[in-house]
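A.B. asks: Handing you a structure now.
Here, each number is a calculation from the coordinates, and none is a lab measurement. Predicted, not measured: the structure shown is a model, and the values here were computed from it. We place every Cβ from the backbone using ideal geometry, glycine too, and count neighbours over all the protein chains shown.
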């Protein structure tokens with residue numbers, strides 16, 4: 001069907017009513033659906049058509065009405081991200097990547113931060129009034145809370161979390177594999193006196209890392225290794241390492257930390273308070289591969305999470321669930337990447 005000629009729209013000075021997509025369509029001489037496609041991210045529109053519509057929109061001062069569009073499509077184009085303060089503080093790359101990738105899909109992100117993962121129920125009550133199209137949860141949720149998503153037909157994707165036996169989608173890094181790699185590398189280098197600086201007891205990720213490291217040490221016949229719980233912070237890593245060094249058993253040969261930030265704190269404590277340097281006097285390893293772990297003064301040996309790939313998978317999975325409410329749940333697991341630094345004597349790991 002041939003395009004009609006552009007229609008001259010009279011621009012009345014002092015016009016109070018907003019310019020609509022129908023006005024733009026008449027002015028550009030195209031259909032209203034063509035205008036809609038031009039302002040819909042990812043829609044297939046020819047370069048010529050887009051230029052024509054954008055020119056008409058600019059001349060009329062037209063701006064798409066997101067609220068009106070949501071009433072028509074029955075979608076809010078909002079995605080809520082539920083994230084713990086600890087994750088956001090020590091791994092801001094996750095939030096930045098999620099926001100960027102969802103924006104590219106025409107979605108807007110609402111951030112809901114948890115002081116503690118036990119606060120999830122109360123925060124969910126704040127999310128529901130926004131009629132979000134989906135929720136990405138980088139926090140632990142109970143079975144009852146997950147069922148609430150099913151009742152409301154709101155897609156849910158766990159980021160770096162999983163719940164066995166529950167019908168829910170998740171994108172995870174293999175915490176167990178990473179922890180076992182670190183233990184194997186340390187043990188293979190001759191270390192026999194170990195200690196673990198674990199994360200907080202309410203952290204599912206921290207529990208997985210601690211449990212996997214303990215299990216592998218026991219398999220190797222290592223006994224009597226202390227396990228101290230911290231909160232992922234620099235200060236807890238510093239204080240717990242100081243406590244180990246002054247304990248009756250003395251400092252360990254190898255220290256496995258729940259994350260890189262605690263590892264950096266531990267390295268500083270051993271060096272500044274006890275004159276022990278890594279890796280000459282003690283080997284210290286972390287987990288995550290956050291930016292400071294690569295700083296020249298530390299160069300932490302760690303397992304780096306493939307954040308970009310995990311975020312891309314999260315956004316792709318969420319968008320497919322939004323587009324197709326009948327889509328089956330998926331669980332995708334990514335291997336972490338061993339990152340050799342200068343903080344530990346390690347045997348090569350696979």
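A.B. asks: If one takes the longest principal axis of the Cα atoms in the chain, at what angle in degrees, from 0 to 90 and to the nearest 10, does the Cα axis of helix 92-104 lie?
C.D. replies: 20
A.B. asks: Where does the chain land at 222 nm, in deg cm²/dmol rounded to the nearest 500, when only DSSP H runs of n ≥ 4 count, each adding -39500 (n - 2.57), divided by all residues?
C.D. replies: Calculated at 222 nm, the ellipticity per residue is -13000 deg cm²/dmol.
A.B. asks: Quick check: the angle from helix 234-245's long axis to the longest principal axis of the chain, C-alpha only, nearest 10 degrees?
C.D. replies: Rounded to the nearest ten degrees, it is 10.
A.B. asks: Also, I was wondering about something else. Considering only DSSP beta bridges whose two residues both sit in the chain, what percent are antiparallel, to the nearest 5?
C.D. replies: Restricted to the chain, the bridges split so that about 10 percent are antiparallel.
A.B. asks: What ranking of 98, 110 emerges when the number of other C-beta atoms within 10 Å of each C-beta is taken as an exposure proxy, fewest first?
C.D. replies: 110, 98
A.B. asks: Any idea what the relative contact order of the chain is, in percent, if you count C-alpha pairs under 8 Å spaced at least 6 apart?
C.D. replies: Worked out over the chain, it gives 15 percent.
A.B. asks: Picking from 198, 245, 139, which is most flexible by a Gaussian network model of the chain using Cα springs under 10 Å?
C.D. replies: 245
A.B. asks: For 151, 243, which order do you get if you count the other beta carbons within 10 Å of each Cβ and list the fewest first? Intermediate results must be reported in sequence, preceding the final value.
C.D. replies: On the way: 151 7, 243 13.
Ordered from fewest to most neighbouring Cβ atoms within 10 Å, 151, 243 come out as 151, 243.
A.B. asks: OK, next. Note down the nm distance, to one decimal, between modelled labels 7 Å out along Cα→Cβ at residue 40 and at residue 243.
C.D. replies: Computed distance between label sites residue 40 and residue 243 equals 5.7 nm.
A.B. asks: Here is a follow-up. Percent relative contact order of region 21-64, based on C-alpha pairs within less than 8 angstrom and at least six residues apart?
C.D. replies: Here the relative contact order equals 41 percent.
A.B. asks: Additional query: Using label points projected 7 Å from each Cα along Cα→Cβ, tell me how many nm separate residue 22 and residue 148, to one decimal.
C.D. replies: 4.1
A.B. asks: I'd like the projected area of region 236-292, averaged over all directions, using the convex hull of its alpha carbons. Report it in nm² with one decimal.
C.D. replies: Convex hull of Cα atoms, orientation-averaged projection: 3.5 nm².
A.B. asks: Helix 47-60 versus the longest principal axis of the chain: what angle, 0 to 90°, nearest 10, using Cα atoms?
C.D. replies: Tilt of helix 47-60: around 70 degrees.
A.B. asks: Can you compute log10 of I(q)/I(0) for the chain with the Debye formula, treating each Cα as one identical point scatterer, at q = 0.07, 0.08, 0.11 Å⁻¹?
C.D. replies: The Cα Debye sum returns log10 ratios of -0.42, -0.52, -0.79.
A.B. asks: Sort 38, 172, 257 by Cβ crowding within 10 Å, fewest neighbours at the top.
C.D. replies: The most exposed by this proxy come first: 172, 38, 257.
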